[in-house]
């Protein structure tokens, strides 16, 4: 698989999707195609969504047009919040499975140059989709202390959210934020977990990640055929909370099995997999859910 992104819980996710030949499956987070390739290998048809095309182009180059698999894959450069619209455009009225792998790829963190990591001095961008208008720098330079506190507290669950918000509003009086190093200097902390939480919260706010996820999941429930599977892999508690509550919000969805975690072997081989949690749901009829 691609060195830029080794899919987390790949075997477990494909097994949970219960892929059948000729079935229709949506990979809502295509990345570099690790999950989609496995679905194709089992005879499934794939509709793949991603806000970037780089991974898809690399996938096509790697797989090759002569493989016979690419004609079973439809790619759309789109946020999964528009799942229903894309399904309508391609003429898929119902699907057998939908997959979300919400983790960021190693390429996004290490090679995109968009400031996702506090470890690199890069532009404070943090947009996953460069068509979005507002960057992390825009938020840091324009939001009030109260609003910054809200972002750090809600999306980072950061205990020192107020102190960091105040430090930012003071620092920008001297010079505006442009790069990740500007933010690190303003925060004045060597607590790497706090830095990670602040960067995470800004990324979530810039991309409206939780709002997009909630919207997409609502559309996914409607798109699934009866007995269809929804598989979601999350990497922090905020995402997992949204996913965990699916069966409470939608009585058509029945949780299958327990939460799946990476094996010790996978966690050792891929440190970024350690926080992953996979939840699996099956769509059933209203009648079954009421009995």
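Just so it is clear, none of the values below were taken in a lab; they were calculated from the coordinates. Quick caveat: nothing in here was measured; it's all calculated off a predicted structure. Note that each Cβ is placed from the backbone with ideal geometry, even for glycine, and that neighbours are counted across all protein chains shown.
For segment 135-291, the calculated P(r) over all alpha carbon pairs, in 5 Å bins from 0 to the bin holding the longest distance, is 1, 8, 15, 16, 14, 12, 11, 9, 7, 4, 2, 1, 0 percent.
Just to be sure I understand: with springs between alpha-carbon atoms less than 10 Å apart, which residue in 125, 191, 101 has the highest mean-square fluctuation in the Gaussian network model of the chain? Maximum among the listed residues: 191. Kindly express, to the nearest 10 degrees and within the range 0 to 90, the angle between helix 192-207's C-alpha long axis and the longest C-alpha principal axis of the chain. Relative to the chain, helix 192-207 is tipped by roughly 60 degrees. Using only helices, what value at 222 nm comes out for the chain when you add -39,500 (n - 2.57) per DSSP H run of length 4 or more and divide by the total residues, to the nearest 500 deg cm²/dmol? Rounded to the nearest 500, it is -12500 deg cm²/dmol.
Take every DSSP beta bridge with both residues inside the chain and express the antiparallel ones as a percent of the total, to the nearest 5.
40 percent
Over all directions, what mean area does the Cα convex hull of segment 146-234 project, stated in square nanometres? Averaged projected area of segment 146-234's Cα convex hull equals 7.2 nm². Against the chain, whose longest principal axis is taken from its Cα atoms, helix 209-223 shows a tilt of about 10°.
Within segment 84-163, the percentage of alpha carbon pairs spaced more than 17 angstrom apart rounds to 66%. Using the Cβ-Cβ distance between residue 70 and residue 173 with R0 set to 51 Å, the FRET efficiency from 1/(1 + (r/R0)^6) comes to roughly 0.40.
Taking 0.36 nm per residue of sequence separation and subtracting the Cα-Cα distance, how much length would be gained by fully extending the chain between residue 265 and residue 89, in nm to one decimal? So the extension gain works out to 59.2 nm. Largest GNM mean-square fluctuation among 182, 208, 129, using the chain with Cα springs under 10 Å: 208. Semi-axes of the equivalent ellipsoid for segment 11-169, computed as √(5λ) from the eigenvalues of its C-alpha gyration tensor and ordered from largest down, come to 36, 17, 14 Å. Spacing of the modelled spin labels on residue 159 and residue 241, each 7 Å from Cα toward Cβ, amounts to 1.8 nm.
Using only alpha carbons, the chain has a radius of gyration to Kirkwood radius ratio (Rg to Rh) of 0.99. Take the Cα of residue 214, go 7 Å toward its beta carbon, and the backbone nitrogen atoms of segment 232-246 under 15 Å from that spot belong to 238-246.
Within the P(r) computed for segment 232-291, what percentage of the Cα pairs occupies the region above 14 Å?
Values: 1048 of 1770 pairs.
For segment 232-291, the share of Cα pairs beyond 14 Å comes to 59 percent.
Report the relative contact order of the chain, percent, no decimals, based on alpha-carbon pairs under 8 angstrom and at least 6 residues apart.
The normalised contact order for the chain reaches 18 percent.
Axis angle, to the nearest 10 degrees, between helix 54-63 and the longest C-alpha principal axis of the chain: 40 degrees. Here the simple spin-label model places points 7 Å from the Cα toward Cβ, and for residue 60 and residue 134 these points are separated by 3.4 nm.
Quick check: convex hull over the Cα atoms of segment 131-175, volume per residue in Å³, rounded to an integer? Walk me through the numbers before you get to the answer.
On the way: hull volume 3.0 nm³, N = 45.
Normalising the Cα hull of segment 131-175 by residue number yields 67 Å³.
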